[in-house]
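Data first, discussion second: the structure below is written as structure tokens.
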Amino acid sequence: MTLQHKWVPLEDINVNLQKAVIASEDGHFLTHNGFDFKAIEKAMKNNEKGKKIKGGSTISQQTAKNVFLWPGRSYIRKGFEAYFTVLIEFLWPKERILEVYLNSIEMGDGVYGAQAAAKHWYNKDAKNLTANQAAGIAVILPSPRRYKANNSGPYIAKRKNTITRYVNNFGPLDFNKKEANKKENKKK
């Protein structure tokens, strides 16, 4: 395995990939304060039933884990993850959280970050990804060493098509939604 990584600013990561990752990983990213309690509850119920273990982590939680913590599952690490999630949500705007996330996550075996993934999977820069290519990268994020973003099987191809539709219908990214929601809630 060769490690591939190149940090790029958010403006050099095509909005298609930004939207695809939000649609695939954390649909409420723009409006929550770091935690999606409905997703966490759903994951806990699913896990209690003995089904395949799924997480309810948000992009903010995953960023905290990837940047500040060690891999693995434990209550101690989860506690630290919650602490760092609160901190980054307080200190960083959503754009920064997404930029750090897109530059730090594994998007293939030894492939870290959007730029390295775009080069690895599609031989192009992250700023030039199409909606379908962005969806291909986003769909493999739960298991980037197991799945391939291109030339994949029917399960990944179906999910890729679904995420491509989300990306095409998502509309513009509004990183100020959380602030607008806070102001709206204060008026009530």
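Can you name every residue in the stretch 86-105 that is within 12 Å of the chain's Cα centre (by Cα) and in a loop (DSSP other than H, G, I, E, B)? Selection gives I105 alone. Say we look at the stretch 83-103 and pick out the residues that are more than 17 Å from E11 (Cβ to Cβ) and touching a residue at least 40 places away in the same chain (Cβ under 8 Å); which of these is most open to solvent (accessible area, probe 1.4 Å)? So, considering only residues that are more than 17 Å from E11 (Cβ to Cβ) and touching a residue at least 40 places away in the same chain (Cβ under 8 Å), the one most open to solvent (accessible area, probe 1.4 Å) is V86.
Quickly run through the stretch 110-126 and pick out the residues that are open to solvent by 40 Å² or more (accessible area, probe 1.4 Å) and under 17 Å from the mean Cα position of the chain (by Cα). Result: Y112, single match.
Annotation note: of G79, G113, the sole residue that is under 20 Å from S60 (Cα atoms) and touching a strand residue (DSSP E or B) at 6+ places or on another chain (Cβ under 6 Å) is G113.
Does L129 satisfy the criteria of being open to solvent by less than 10 Å² (accessible area, probe 1.4 Å) and under 16 Å from the mean Cα position of the chain (by Cα)? So L129 fails the test.
Residues checked against (1) at pLDDT below 90; (2) assigned to a helix (DSSP H, G or I); (3) farther than 24 Å from Y166 by Cβ:
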{"position": "V8", "(1), (2), (3)": "no, no, no"}
{"position": "I22", "(1), (2), (3)": "no, yes, no"}
{"position": "I40", "(1), (2), (3)": "yes, yes, no"}
{"position": "I53", "(1), (2), (3)": "yes, no, yes"}
{"position": "A64", "(1), (2), (3)": "no, yes, yes"}
{"position": "W70", "(1), (2), (3)": "yes, no, yes"}
{"position": "R73", "(1), (2), (3)": "yes, no, yes"}
{"position": "F84", "(1), (2), (3)": "no, yes, yes"}
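None of G108, G136, G79 is at pLDDT 90 or above and not in a helix (DSSP H, G or I) except G108. Can you tell me which residues in the stretch 68-81 are of a type in the set (A, V, I, L, M) and loosely packed, with under 14 Cβ neighbours inside 10 Å? Once the filter is applied, which keeps residues that are of a type in the set (A, V, I, L, M) and loosely packed, with under 14 Cβ neighbours inside 10 Å, the stretch 68-81 yields only I76. Residues that are open to solvent by 60 Å² or more (accessible area, probe 1.4 Å) and either assigned to a helix (DSSP H, G or I) or of a type in the set (D, E, K, R) (or both) within the stretch 24-38 comprise F37, K38, listed in sequence order. Scan the stretch 140-168 for residues that are open to solvent by less than 10 Å² (accessible area, probe 1.4 Å) and closer than 15 Å to Q18 by Cβ and the total you get is 2.
The values are calculated or read from the model by the stated rules, or taken from the named source; none is laboratory data. Bear in mind that the values here come from a model prediction, so they are computed numbers and not experimental data. Here Cβ is always computed from backbone atoms with ideal geometry, including for glycine, and neighbour counts include all displayed protein chains. Accessible surface is based on the protein model in full, side chains and every heavy atom, while ligands, DNA and RNA are left aside. Shrake-Rupley method; radii C 1.70, N 1.55, O 1.52, S 1.80 Å.
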